[in-house]
């Protein structure tokens with residue numbers, strides 16, 4: 001069982017991922033934005049973060065930069081509907097494990113998470 005933090009400004013996406021990974025027996029927390037994500041990151045201590053790239057206020061990259069200032073090791077999967085090459089390169093430089101395009105295939109995401117958690 002792992003601790004997974006879901007960070008997405010869309011309630012439907014958060015709920016779907018929350019239910020999916022709870023079904024898989026993981027401990028899951030949700031954040032609607034970067035500020036909430038940072039607060040939960042410190043109190044919850046996730047093993048893996050699934051984070052949206054584009055969010056109002058503090059976007060996924062800014063949130064990731066702040067998380068990396070606290071912890072270089074935590075696994076991060078970045079989710080985005082926008083294929084901005086510059087942002088993708090910056091996220092890779094910040095050590096994300098992979099990208100998932102939105103809309104994502106839930107079965108593919110679930111398998112990817114399982115594979116990542118086996119190595120953590």
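None of the figures in this text is laboratory data; all of them are computed from the coordinates on show. Note that the structure is predicted; figures quoted are calculated from it, not measured.
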| Percentage of Cα-Cα pair distances in segment 68-120 greater than 13 Å, rounded to whole percent? | 62 percent
| field | Relative contact order (percent, whole number), segment 1-85, Cα cutoff 8 Å, 6+ residue spacing | value | 31 percent
| said: Along each principal axis of its Cα atoms, how long is the chain end to end? Whole angstroms, biggest number first, please. | reply: 34, 29, 28
